[in-house]
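Report on the following structure.
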Amino acid sequence: QVQLVVSGGGLVQAGGSLRLSCAASGRTFSSLTMGWFRQAPGKEREFVAAISWSGGNTEYADCAKGRFTISRDNAENTVYLQMNSLKPEDTAVYYCAARNGVKTRTDPDEYAYWGQGTQVTVSS
């Protein structure tokens with residue numbers, strides 16, 4: 001089992017930045033591929049970014065490219081999502097997820113473990 005605890009959400013003005021953190025426990029963190037997803041009201045959960053176990057491979061949704069950066073610190077068992085140039089359409093609940101396996105995936109069904117989510121609200 002893997003436990004994921006997400007922090008760092010909040011309210012920010014358009015153009016601002018936030019950094020989300022996801023702390024993992026319960027399994028060797030370095031063996032997990034990690035992802036970030038988000039879900040806005042009335043919409044399906046969508047992929048944002050993912051990072052391989054080593055940090056050597058990353059993948060981003062088009063909405064995140066050039067603005068968001070995913071990173072991980074295996075010594076701290078933590079994955080981060082740095083979000084810059086935030087837009088009102090980035091408003092959503094953001095979730096951290098983990099999967100066994102070495103490759104990044106964009107399908108949320110590929111992830112077995114999920115954190116509790118954190119609200120990100122971007123005001124215009």
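The values are calculated or read from the model by the stated rules, or taken from the named source; none is laboratory data. These numbers come from a predicted model, not from an experiment. Using ideal geometry, Cβ is built from the backbone for each residue, glycine included, and neighbour counts are taken over all protein chains shown. To get the accessible areas, we keep the full protein, side chains included, count just its heavy atoms, and leave off ligands, DNA and RNA. Shrake-Rupley method; radii C 1.70, N 1.55, O 1.52, S 1.80 Å.
Below, the figures for the structure above:
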quantity: In the range 109-119, residue least open to solvent (accessible area, probe 1.4 Å) [restricted to those that are under 20 Å from Ser71 (Cβ atoms) and assigned to a strand (DSSP E or B)]; calculated: Thr118
quantity: Residue among Arg67, Arg27, Arg99, Arg38 that alone is under 15 Å from Thr118 (Cβ atoms) and of a type in the set (Lys, Arg); calculated: Arg38
quantity: Near pairs, Cβ below 7 angstrom, 6+ apart or cross-chain, from the range 101-123 (closer than 20 Å to Gly26 by Cβ) to any residue that is of a type in the set (A, V, I, L, M) and in a loop (DSSP other than H, G, I, E, B); calculated: Tyr113/Val2
quantity: In the range 89-108, the residues that are surrounded by 15 or more Cβ atoms within 10 Å (Cβ to Cβ), outside any strand (DSSP E or B) and either touching an Asp or Glu at 6+ places or on another chain (Cβ under 6 Å) or among the basic types (Lys, Arg) (or both); calculated: Thr104, Arg105
quantity: Meets criteria (open to solvent by 70 Å² or more (accessible area, probe 1.4 Å) and either more than 15 Å from Ser85 (Cα to Cα) or modelled with pLDDT under 95 (or both)) for Trp53; calculated: yes
quantity: Counted residues, the range 22-64 - those being assigned to a loop (DSSP other than H, G, I, E, B) and closer than 18 Å to Ser7 by Cβ; calculated: 1
quantity: Number of the condition not met by Ala75 [criteria: (1) touching a residue at least 24 places away in the same chain (Cβ under 8 Å); (2) of a type in the set (A, V, I, L, M, F, W, C); (3) open to solvent by 20 Å² or more (accessible area, probe 1.4 Å)]; calculated: (1)
quantity: Breaking point among (1) under 21 Å from Ser30 (Cα atoms); (2) in contact with a strand residue (DSSP E or B) (Cβ under 7 Å, 6 or more places away or on another chain); (3) part of a loop (DSSP other than H, G, I, E, B), for Ala75; calculated: (2)
